[in-house]
Amino acid sequence: MMSSTISQKISGYLKDRFPLHHMLPLSLVFGLACSHPFSLGSWVLASAGLFLYLLELRLLDEFKDDAHDRTFYPDRPVQRGLVRLQELTPVLIACIFVQTVVVFAFGANMLMFLFVQLYTFFMSREFFAKPWMSRHFTINIILHELITPVLFIFLFSYSTSEISAETIIAAFLCGIGFFLLEMGRKLKPREKTGRANDTYVQRYGNRRVAEIIAVLLLLSVVLSVPVYKNTAFMIPVIAYLPAAGFLLVKYSSGEWIRISRFLFAGLVVFVFLNLILLSVSRLNPA
């Protein structure tokens, strides 16, 4: 009876804070981009590795941000009493344990995995400088995003032990795509009008956020050129840019409340389309 209750709590928590219908497709698409040379096994392993790591990050953030969320987001599962942090601890331990076993069993780069885990530990402690990090929002974001290219290079090790220039470029491309989605999901009106002052829109304003997104979109296209095996597959991605540009202009001009949802959807389409076509181009080189 108790285990059933705990499983229901965990299920309710995941539904709210780590929805599988969002995280599974995301993990599969990014895992596909990290599977080169492609095989079904490397795709599954890279996708599972990313999924478990993102779950680990989500759980660590619950511990790190508990006091903050109790003040500004009391409706979240932990803060409203749906599940306790002590009940999430076994899930976090299991998550790290399974990742470690899979890395060891399938011969991925263990040193890189350990580096990612060590860096993640420091992130979960705000690099032991929480007051300073809170005052320097941009530096805080940069330090948290630095690990993403390393993470994706590690995920490539399920496919190959070689760390080539192409692998590094593709990892940065994945990292930029991930950051675009991270920014996009926080464009909702409530994120700007809340009291927490902890989102990109609140700190930079909608116009500056639109400029950052525009630069990242263009950088994604530039980085795609050397890693696409057949650049003809880039045509849909490039053709999509005017639509993204239109949404960004609307967003920065003051229509952010109405446009934010469409802009996020547009960013999801762009990132997923780019990574999927990148993967297809590897299977159909020029």
Compute the Cα gyration tensor for segment 94-229, then decide on rounded, prolate or oblate, letting a ≥ b ≥ c be the square roots of its eigenvalues: rounded whenever a/c is under 1.5, prolate when a/b is larger than b/c in the other cases, and oblate in all that remain. oblate
Please state the shape class of segment 1-138: rounded when a/c is under 1.5, otherwise prolate if a/b exceeds b/c and oblate if not, all from the C-alpha gyration tensor. oblate
Expressed in angstrom and rounded, the centroid-to-centroid distance over alpha carbons for segment 60-98 and segment 229-254 is 37
Using the crude model of +1 on Lys and Arg Cβ and -1 on Asp and Glu Cβ, and no other charge, please compute the dipole size for the chain relative to its Cα centre, in debye to 20. 840
Place a point 7 Å from the Cα of ARG84 in the direction of its beta carbon; the residues of segment 6-30 whose amide N falls under 17 Å from it are 6-11, 13
Can you show me the helix-derived [θ] at 222 nm for the chain, built from DSSP H runs with n ≥ 4 at -39,500 (n - 2.57) apiece and divided by the number of residues, rounded to the nearest 500. -26000 deg cm²/dmol
Let me know the shape class of the chain, please: from the alpha-carbon gyration tensor, a ≥ b ≥ c as square roots of the eigenvalues, rounded when a/c is under 1.5, otherwise prolate if a/b is greater than b/c, or oblate. oblate
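Taking the solvent-accessible surface of protein heavy atoms with a 1.4 Å probe, what is the per residue accessible area of the chain in Å²? Before the final figure, lay out the partial values.
Working: 14330 Å² over 286 residues.
For the chain, the solvent-accessible area averages 50 Å² per residue.
Can you order the peptides 6-14, 200-208, 46-54 by their average number of other Cβ atoms within 10 Å per residue, highest first? Walk me through the numbers before you get to the answer.
Details: 6-14: 14.9, 200-208: 17.2, 46-54: 21.9.
Ranking, from highest mean packing down: 46-54, 200-208, 6-14.
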Arranged from highest to lowest average of other beta-carbon atoms within 10 Å per residue, in what order do the peptides 99-112, 261-274 appear? 261-274, 99-112
The chain - percent of accessible surface contributed by carbon and sulfur, probe 1.4 Å: 69
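Among the listed pairs LYS9/LYS64; LYS15/LYS186; LYS9/LYS186; LYS64/LYS186, which have their C-alpha atoms separated by more than 29 angstrom in this model? Can you show the working numbers first?
Numbers: LYS9/LYS64 20 Å; LYS15/LYS186 18 Å; LYS9/LYS186 26 Å; LYS64/LYS186 19 Å.
Where the Cα-Cα span goes over 29 Å, no listed pair is concerned, since all stay within it.
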How would you rank 278-284, 180-186, 139-145, 29-35, highest first, on the average number of other Cβ atoms within 10 Å across their residues? 29-35, 180-186, 278-284, 139-145
Residues meeting the amide H criterion for SER157 (H placed from the backbone, H to H distance under 5 Å, 5 or more places apart or on another chain) are ASN109
Which helices, counted as full DSSP H runs in the chain, have an axial Cα extent of no less than 30 Å and a Kyte-Doolittle average of 1.0 or above? 85-106, 200-227, 256-283
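The values are calculated or read from the model by the stated rules, or taken from the named source; none is laboratory data. Since the model is a prediction, treat every value here as computed from it, not as a measurement. So basically every Cβ, Gly included, is an ideal-geometry build from the backbone, and we count neighbours across all protein chains shown. For accessibility, only protein heavy atoms count, side chains too; no ligands or nucleic acids. Shrake-Rupley method; radii C 1.70, N 1.55, O 1.52, S 1.80 Å.
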